[in-house]
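Here is the structure we will look at, set down as structure tokens.
The values are calculated or read from the model by the stated rules, or taken from the named source; none is laboratory data. Here the structure is a predicted model, which is why all the values come from computation and not from measurement. Cβ sites come from the backbone with ideal geometry, for glycine too, and all protein chains shown count toward neighbours. We work out accessible area using only protein heavy atoms, side chains counted, and drop any ligands, DNA or RNA first. Shrake-Rupley method; radii C 1.70, N 1.55, O 1.52, S 1.80 Å.
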Amino acid sequence: MKTIALNIKTKITSPDFDFSNHSKLRACIDISNSELVFSLFTAENELVYLQHCILKANEKTNEVLEYLLETEPFFSQSYANVYVCVSNTLYTLVPAALFVNENKEDVLKFNHNITNDVIVLSDEIFSADSHCVYAFDKKTKELLDKTFPNNHVKHKTSCLIEGLPSTASKTHKTCLVNVQGNNMDVALYSKKLIFFNTFEFQTAEDFLYFILASLEQNAFTPDETEVVLAGEIETGSALYLTLKQYIPKIKFAVADTSIGKKNDFIKLPDHFYYTLFNRYLCAL
């Protein structure tokens with residue numbers, strides 16, 4: 001096993017938490033090429049444990065996960081349910097009428113360079129009458145299956161889209177922007193899903209361009225659209241301040257009241273860990 005020097009960005013536990021009641025807890029894990037976030041919820045949907053690890057540029061997700069399996073108590077327990085969120089850009093959306101499960105690999109290969117070290121999976125997205133076809137690292141999937149045989153995998157795109165009706169404005173068109181590292185998901189919604197795509201950005205100007213271009217190409221004008229921000233973005237950041245110059249209606253995503261937060265968890269901004277919490281909510 002490769003030794004990893006963990007870069008822990010956040011670790012929060014409830015004051016009275018321990019793993020003794022592990023069999024009654026629900027686990028939720030968000031996995032990407034740049035970070036791993038794992039959390040625990042009670043049967044009453046209260047968040048009681050959260051750890052966020054950042055991967056270094058030369059680290060592979062499966063290697064970091066293998067190290068965590070051997071060193072972190074979180075991964076040596078059995079849980080009532082284990083929900084996994086795959087956060088990557090290797091996905092495509094297919095209308096339900098055109099989806100054929102046996103052909104999902106060919107569909108994904110049409111849009112992405114798919115190698116032999118991944119497995120191709122799919123989720124049905126009921127609210128958008130479509131399927132999300134995506135790749136997941138094969139070694140990572142094998143490690144999860146061995147550790148948590150009862151795990152359930154979904155792509156972040158599926159969960160973000162399923163959550164759009166409850167996030168969308170009641171009076172305006174909605175543009176959801178979810179930020180994870182250097183990736184941003186842009187979803188446009190007006191009574192139904194209009195557009196969804198993921199972009200890689202480096203600067204605040206890139207960030208602004210992808211939002212404005214998505215709006216323009218889909219006939220969403222800035223004046224009639226409410227932009228909802230989620231994920232790794234803060235009020236004083238360059239991303240927010242640049243966007244504010246061009247978008248009059250901006251708000252941050254509001255935490256779903258189904259998830260209970262107490263103690264230090266209250267200090268987390270509501271819109272942080274948006275994909276993680278949406279994955280958990282998708283399972284309720």
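Of note:
- Enumeration of residues in the range 108-122 that are part of a loop (DSSP other than H, G, I, E, B) and surrounded by 12 or more Cβ atoms within 10 Å (Cβ to Cβ): 112, 114
- Single residue of 207, 252, 272 found to be of a type in the set (Phe, Trp, Tyr), open to solvent by less than 70 Å² (accessible area, probe 1.4 Å) and touching a Pro at 6+ places or on another chain (Cβ under 9 Å): 252
- Test: residue in the range 123-142 that is without any contact (Cβ under 8 Å) to a residue 12 or more places away in the chain, at negative phi and surrounded by fewer than 18 Cβ atoms within 10 Å (Cβ to Cβ): yes
- Residues that are in a helix (DSSP H, G or I) and either acidic (Asp, Glu) or farther than 14 Å from residue 130 by Cβ (or both), drawn from the range 85-106: 102, 103, 105, 106
- Residue match in the range 146-155 (condition: surrounded by fewer than 20 Cβ atoms within 10 Å (Cβ to Cβ) and part of a strand (DSSP E or B)): yes
- Checking each residue of the range 73-84 against the condition of being of a type in the set (Val, Ile, Thr), open to solvent by less than 20 Å² (accessible area, probe 1.4 Å), closer than 17 Å to residue 145 by Cα and in a helix (DSSP H, G or I) gives no match.
- Selection of the range 57-67 for residues being free of Cβ contacts under 8 Å to residues at least 60 places away in the same chain and among the aliphatic types (A, V, I, L, M) yields only 57.
- The single residue among 221, 225 that is within 20 Å of residue 172 (Cα to Cα) and open to solvent by less than 20 Å² (accessible area, probe 1.4 Å) turns out to be 225.
- Residues located in the range 183-211, provided they are in contact (Cβ under 8 Å) with a residue 60 or more places away in the chain and over 13 Å from the mean Cα position of the chain (by Cα): 192, 193, 196, 200
- So residue 105, is it within 30 Å of residue 20 (Cβ to Cβ) and surrounded by fewer than 18 Cβ atoms within 10 Å (Cβ to Cβ): no
- Taken over the range 244-276, the criterion of being in contact with a Leu (Cβ under 9 Å, 6 or more places away or on another chain) and without any contact (Cβ under 8 Å) to a residue 40 or more places away in the chain is satisfied by 245, 246, 247, 250, 251, 252, 255.
- Scanning the range 234-254 for residues that are among the small types (Gly, Ala, Ser) and closer than 17 Å to residue 174 by Cβ returns a single hit, 253.
- Residue 100, sole failed condition from (1) over 23 Å from residue 261 (Cα atoms); (2) in contact (Cβ under 8 Å) with a residue 24 or more places away in the chain; (3) among the hydrophobic types (A, V, I, L, M, F, W, C): (2)
- Qualifying residue in the range 173-181 (condition: in a loop (DSSP other than H, G, I, E, B) and farther than 30 Å from residue 9 by Cα): no
- When the test is whether a residue is more than 20 Å from residue 282 (Cβ to Cβ) and at pLDDT 95 or above, residue 38 does not pass it.
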